[in-house]
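Let me begin by presenting the structure, written as structure tokens, before commenting on it.
The values are calculated or read from the model by the stated rules, or taken from the named source; none is laboratory data. It should be emphasised that the depicted structure is a prediction, and the values quoted were computed from it without experimental measurement. Don't worry about glycine lacking a Cβ; one is built from the backbone with ideal geometry, like all the others, and counts go over all protein chains shown.
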Amino acid sequence: MELVVGLDIGTSGLRLQALDAETKKIISTAISLHNPLPGSNVIDHLHFAVKAGSEAAHGIITDTINSLLKSLEVDLKAVKRMALCGNPTQMSIFQGIECRDLVFGGDNMLKRLGVKRLERRATVMNAGSLGLAINSEAEVYIPPTVEQQIGADALAMIIKSGILDQKKTCMVTDYGTNAEIGLKVGDAIYTGSCAAGPAIEGGEIEKGVLASPGAISDVSDLGSGGWNVQVLNNDLISQDSFSVNPQTGEVQEKFPTHFEPRGITGTGTIATMAVGFDSGLLQRLPPYITTPDGCIHLTKDQNIVFTKKDYLNSTRCFGAFKAGHITLVGKSGVAFEDIKSMYLCGASGTYVDAVKAQKMSLALPTVSDIYQVGNTSLAMANDCAVDPEWLDRMQEMANAMKPTYFAFIKDEVFKKAYIIEMDHWEHGLTPERRIVVEKRFKVPHYPEQRTEAKVHKVVLRDIADFGSKGLHIMEHAGIVLNAIFEECTGCRQCEKNCMPKALKVEEKDGQYIIKVSSEGCTGHACMKCELTCPARVFRFENLEFAPGKKAW
């Protein structure tokens, strides 16, 4: 049997599958519930790669991939090929190559740093040179990027979603930590991307988790003061679990298909928002949540709540996607009314109630059909591993898409549309006032929802087939970063101020060893360990990856 492996390196987690190259059948699946790098978005991951060095970042990713490979329960030395998919940041870190050109957009800054902008074309590398725990001579297929901020994951979204077969104007969005959006108008493909924040995948939500067993994936109003709560089971299928009073968290009834919840994923967050507005528990003005204690309670037993901070983090994420939709519509010259169908990709795009997503402006208000198509990045990686000719086809498509790609972070229309969205979500912008502001900012008008789209659920879960050996879940990568600061006094202020409790200080032979759980650390978004060090000796960039040494 000739074995191949497909790998999706996501900002919020990794997914691998082993396949029989001849029959194309999936053998087994392994996923991690976190990306092991410190932080929760590409900005954090880039910051770590630049500060700590590409070698350390590459080592952390590779160590996690190797652990996942071993859980596939196949003969790793029999693997002939491996292909991967991901955004430019994750792909660059995986290869251990220069990342600073992804951080600094200006050519003058890159020139001062002596950094050349990399083209990141499709390439083939040797597994041994990457430190992978498969046959050292196996070929590793790395697809191209379109531009600096949009990569193979966007190509996969375009190819595997099915929009290329559509004759009518349609839009596709991969709902993840990054907003990747495509718009097909005739034969032209308009694309754009930006960092949206991890709320849509359960990140930066107080009780948030990635889509995994025990994740609350949907809620609905029962009409009697109670909410029906759906939870993902061990097969990652969303099922009715229990009913709850959202103002108190009291569980009213446990259903026969009850599954114990352990947190809320991005789709559960979207549903909580949609149902919260419909039931009057949410409003677009402070204090935002109208319950007596300012929280929506999804279960008292596990203390799973939705807070004001969760609301704000969610709306900033929603605003980025909506602003991206507005920007691409403006660039293409079509009207919203011309777009007849929309495709939702990724775990969030699969598990979300598409009607609720449309209410939250994550799906266009004018489309008549919404298709939920699953994890396109992993599907594309699998195709490339089975048939390496896909690598050349992806390069050809990347070349064709370059002229109609827009980096949202640099785009004035996007910036203005995002400001309008923040006014909408945080200050209660009225429809009448919105029209005035849109005209002043010269931003395309975003219409009110007129119809409820027909939903086509192409797959039941984001990974349609786990294979004959099933799904293996890595809850924690367990990777530890170490540092010894010579003038450290052992005051442990860094440990006390670490909000996610990812840092510990250990004393050994008169020295203080700083140990940081890489996946628990929030990285650049926090830095309290360094900022609150009384002796000013803590240096985040001096944390070192220790291969083989696992965190507590």
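Quick look at the values:
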| item | result |
| --- | --- |
| Matching entry among 154, 127, 179 (being within 25 Å of residue 2 (Cβ to Cβ) and hydrophobic (A, V, I, L, M, F, W, C)) | 127 |
| Selection within region 127-178 - in a strand (DSSP E or B) and either surrounded by fewer than 24 Cβ atoms within 10 Å (Cβ to Cβ) or modelled with pLDDT of 95 or more (or both) | 139, 140, 141, 142, 147, 170, 171, 172, 173 |
| Boolean, residue 102 is free of Cβ contacts under 8 Å to residues at least 24 places away in the same chain, of a type in the set (A, V, I, L, M) and part of a helix (DSSP H, G or I) | no |
| Strands (runs of 3 or more DSSP E) fully within region 188-274 counting 1 or more residues that are touching a residue at least 24 places away in the same chain (Cβ under 8 Å), more than 30 Å from residue 159 (Cα to Cα) and not basic (Lys, Arg) | 215-221, 227-232, 238-244, 251-254 |
| Selection status of residue 24, of a type in the set (Lys, Arg), out of contact with any Phe, Trp or Tyr (no Cβ under 7 Å at 6 or more places or on another chain), more than 17 Å from residue 470 (Cβ to Cβ) and at pLDDT 95 or above | yes |
| So residue 378, is it out of contact with any Pro (no Cβ under 8 Å at 6 or more places or on another chain) and not in a helix (DSSP H, G or I) | no |
| Matching residues in region 472-482 - criterion: being in a strand (DSSP E or B) and buried (at least 18 other Cβ atoms within 10 Å of the Cβ) | 474, 479, 480, 481 |
| Given (1) surrounded by 13 or more Cβ atoms within 10 Å (Cβ to Cβ); (2) touching an Asp or Glu at 6+ places or on another chain (Cβ under 7 Å); (3) over 30 Å from residue 103 (Cβ atoms), index of the condition residue 375 fails | (3) |
| Residue that is nearest to residue 84 (Cα to Cα), among those in region 101-126 that are among the small types (Gly, Ala, Ser) and modelled with pLDDT under 90 | 105 |
| Residues (under 19 Å from the mean Cα position of the chain (by Cα) and of a type in the set (S, T, N, Q)) located in region 30-58 | 32, 35, 40, 41 |
| Tally, over region 512-534, of residues that are under 16 Å from residue 481 (Cα atoms) and surrounded by fewer than 14 Cβ atoms within 10 Å (Cβ to Cβ) | 0 |
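Listed here are the residues, each with its yes/no results for (1) of a type in the set (S, T, N, Q); (2) within 28 Å of residue 465 (Cα to Cα).
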| position | (1), (2) |
| --- | --- |
| 208 | no, yes |
| 214 | no, yes |
| 217 | yes, yes |
| 223 | no, no |
| 233 | yes, yes |
| 238 | yes, yes |
| 247 | yes, no |
| 252 | yes, no |
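Condition check ((1) assigned by TED's automatic domain parsing to the domain that holds residue 525; (2) in contact with a Gly (Cβ under 8 Å, 6 or more places away or on another chain); (3) at pLDDT 95 or above) across all residues:
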residue	(1), (2), (3)
423	no, no, yes
429	no, no, yes
440	no, no, yes
449	no, no, no
488	yes, no, yes
495	yes, no, yes
500	yes, yes, no
505	yes, yes, yes
508	yes, no, no
